[in-house]
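**Q** Right, I'll just put the structure down here and ask away after.
The values are calculated or read from the model by the stated rules, or taken from the named source; none is laboratory data. Here the structure is a predicted model, which means the values were calculated and not measured. Neighbour counts run over all protein chains shown; Cβ positions are idealised from the backbone, glycine included. SASA here: full protein model, heavy atoms, side chains in, ligands and nucleic acids out. Shrake-Rupley method; radii C 1.70, N 1.55, O 1.52, S 1.80 Å.
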Amino acid sequence: MSCAGFLYRALAALALAGTGFHADAQGIQLALPIDCEPGRSCYIQNYTDLDPSRSARDYKCGTLTYDNHNGTDFRLPSLAAQKAGVEVRTAAGGRVLRTRNDAPDDAFTKSGRDAVREAECGNGIVIEHPEQWETQYCHLAAGSVLVKPGDKVEPGQPIGRVGLSGLTEYPHLHFTVRRNGAVVDPFAYGVRPESCEGGQSLWLPALRSKLEYQERAILNAGFTTGAVTMELIEDGTAERQTPSAGSTAIVAFVRAIGLKAGDAQWLVVKDPLGNVIAENRSAPLQGSKAQFMLFAGKKRPAGGWERGSYKATYVVERDGQIVLKKDLDLVL
């Protein structure tokens, strides 16, 4: 069992002991529905859309959602992470209502939206809980669902694996919470309309700091040996090709999520003597970006690479302030 899985079960046992469910006067309490460490091995890409109009806003009045998005997306950093296997787990005890287990992985990206029409959730599970609560788990891997309708489940129980089924372009768990059939945001249950603060967190108290709102995050970063594409980052190739003394190039790369209109980025690479050998500065973004990739590098000089520590720094600036930063080191 992974460390995240152990933590999940320990928290669930503490808060849900004996009954498999806990509700206070206002709502259910939820454990993490995916076996990962938020901010390190998974990231929240999108929250529930709380804007009733055709616009969209998350519970902090931010941009981490889109129109009619009805849940929380826990994104894995790459397809390589998904293929290694990441469990989906019950957020609370209850009874399984519905499942789907035969939707193909990658259908949307290969065949378009029509391939998943009326099956946008892909392989999924719906679980009912006491007091008219319901949770839904979407985009599971084909053939990975471990439960069937009518099964009783305990909190923290493995019920499948993260996949790429349904309407999705990247590996993630889409997690929806409902009360009396209506979608609610587990980060701000009962929040007043148009408010950017308030509401009740439905997450277990020990999880709340781990799930604190992050406007921007770095999904992938490292050094590689050549030009970088989004595909090479997604399939894990870029991170696996670590430069050595004999490499034909040293290239630093970063993929960030949640960037905003007006954000300016730069990435600089320095050799062991502190000389700048590569730099990439992007103009301020014209619109918000769900994800954005930047890389900078240099081909091997005629005399070979200087031995020592190469350093890269990635910075996102907004209104003259640094809002996101990442330092990287490569030792040759």
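**Q** Can you confirm whether segment 274-285 contains a residue that is part of a strand (DSSP E or B) and either of a type in the set (Phe, Trp, Tyr) or in contact (Cβ under 8 Å) with a residue 40 or more places away in the chain (or both)?
**A** The answer is no; no qualifying residue exists.
**Q** Quick one: in segment 281-315, of everything that is of a type in the set (Ser, Thr, Tyr) and modelled with pLDDT under 95, which residue is nearest to the chain's Cα centre (by Cα)?
**A** Ranking the qualifying residues of segment 281-315, first place goes to Ser288.
**Q** Would you tally the residues in segment 132-175 being of a type in the set (Ser, Thr, Tyr) and either more than 25 Å from Ala80 (Cα to Cα) or in contact with a Leu (Cβ under 9 Å, 6 or more places away or on another chain) (or both)?
**A** Number of matching residues: 4.
**Q** Identify, please: which residue in segment 78-93 is crowded, with 21+ Cβ neighbours inside 10 Å and among the aliphatic types (A, V, I, L, M) and is, among those, nearest to Gly124 (Cα to Cα)?
**A** This residue is Val88.
**Q** Of all residues being in a loop (DSSP other than H, G, I, E, B), farther than 27 Å from Glu231 by Cβ and open to solvent by 30 Å² or more (accessible area, probe 1.4 Å) in segment 94-147, which is modelled with the lowest pLDDT? Just the residue, please.
**A** Taking the candidates together, the pick is Glu118.
**Q** Follow-up. Could you list, in sequence order, all residues of segment 251-273 that are open to solvent by 30 Å² or more (accessible area, probe 1.4 Å) and assigned to a strand (DSSP E or B)?
**A** Going residue by residue through segment 251-273, those that are open to solvent by 30 Å² or more (accessible area, probe 1.4 Å) are 261-262, 266, 270, 272-273.
Those that are open to solvent by 30 Å² or more (accessible area, probe 1.4 Å) and assigned to a strand (DSSP E or B): Trp266, Lys270.
**Q** With respect to Thr242, determine if the residue is touching a residue at least 60 places away in the same chain (Cβ under 8 Å) and farther than 30 Å from Gln321 by Cβ.
**A** yes
**Q** How about segment 222-250: which of its residues are open to solvent by 50 Å² or more (accessible area, probe 1.4 Å), in a helix (DSSP H, G or I) and among the acidic types (Asp, Glu)?
**A** Of everything in segment 222-250, those that are open to solvent by 50 Å² or more (accessible area, probe 1.4 Å), in a helix (DSSP H, G or I) and among the acidic types (Asp, Glu) turn out to be Glu231, Glu239.
**Q** Same structure again: Tally up the residues in segment 286-310 that are basic (Lys, Arg), touching a Leu at 6+ places or on another chain (Cβ under 7 Å) and without any contact (Cβ under 8 Å) to a residue 60 or more places away in the chain, please. Explain how you work it out, then say what you get.
**A** Initial filter on segment 286-310 (basic (Lys, Arg)): 289, 298-300, 307.
Cutting the leftovers down to touching a Leu at 6+ places or on another chain (Cβ under 7 Å) gives us 289, 307.
Filter once more, so that each one left must be without any contact (Cβ under 8 Å) to a residue 60 or more places away in the chain: 289.
Number satisfying all stated conditions: 1.
**Q** Under 6 Å between Cβ atoms, which residue pairs at least 6 apart in sequence (or on different chains) link something in segment 224-236 that is under 21 Å from Val331 (Cα atoms) with a partner that is assigned to a helix (DSSP H, G or I)?
**A** Taking only residues 6 or more apart or on different chains, the pairs are Thr224/Ala238; Val228/Ala238; Gly236/Ala80.
**Q** Further question on the same structure: Within segment 200-214, track down each residue that is in a loop (DSSP other than H, G, I, E, B) and surrounded by fewer than 18 Cβ atoms within 10 Å (Cβ to Cβ).
**A** Ser209, Lys210, Glu212, Tyr213, Gln214
**Q** Is at least one residue of segment 78-86 in contact with a Gly (Cβ under 7 Å, 6 or more places away or on another chain), small (Gly, Ala, Ser) and assigned to a loop (DSSP other than H, G, I, E, B)?
**A** Yes, segment 78-86 has at least one match.
**Q** Test Ala249 against the criterion of being in contact with a Ser or Thr (Cβ under 9 Å, 6 or more places away or on another chain), without any contact (Cβ under 8 Å) to a residue 40 or more places away in the chain and either small (Gly, Ala, Ser) or under 25 Å from Pro171 (Cα atoms) (or both), and give yes or no.
**A** No, not satisfied.
**Q** Working only within segment 274-332, note down all residues that are small (Gly, Ala, Ser) and crowded, with 17+ Cβ neighbours inside 10 Å.
**A** Those that are small (Gly, Ala, Ser) and crowded, with 17+ Cβ neighbours inside 10 Å: Ala278, Ala296, Gly297, Ala312.
**Q** Of all residues in segment 27-67, how many are within 30 Å of Pro130 (Cα to Cα), among the small types (Gly, Ala, Ser) and at pLDDT below 95?
**A** The qualifying residues number 1.
**Q** Show the residue pairs that are 6+ apart or on different chains and have beta-carbon atoms under 7 Å apart, the first residue being within segment 86-103 and acidic (Asp, Glu), the second being open to solvent by 10 Å² or more (accessible area, probe 1.4 Å).
**A** Filtered contacts from segment 86-103: Glu87/Asp35; Glu87/Pro158; Glu87/Arg161; Asp102/Ala142.
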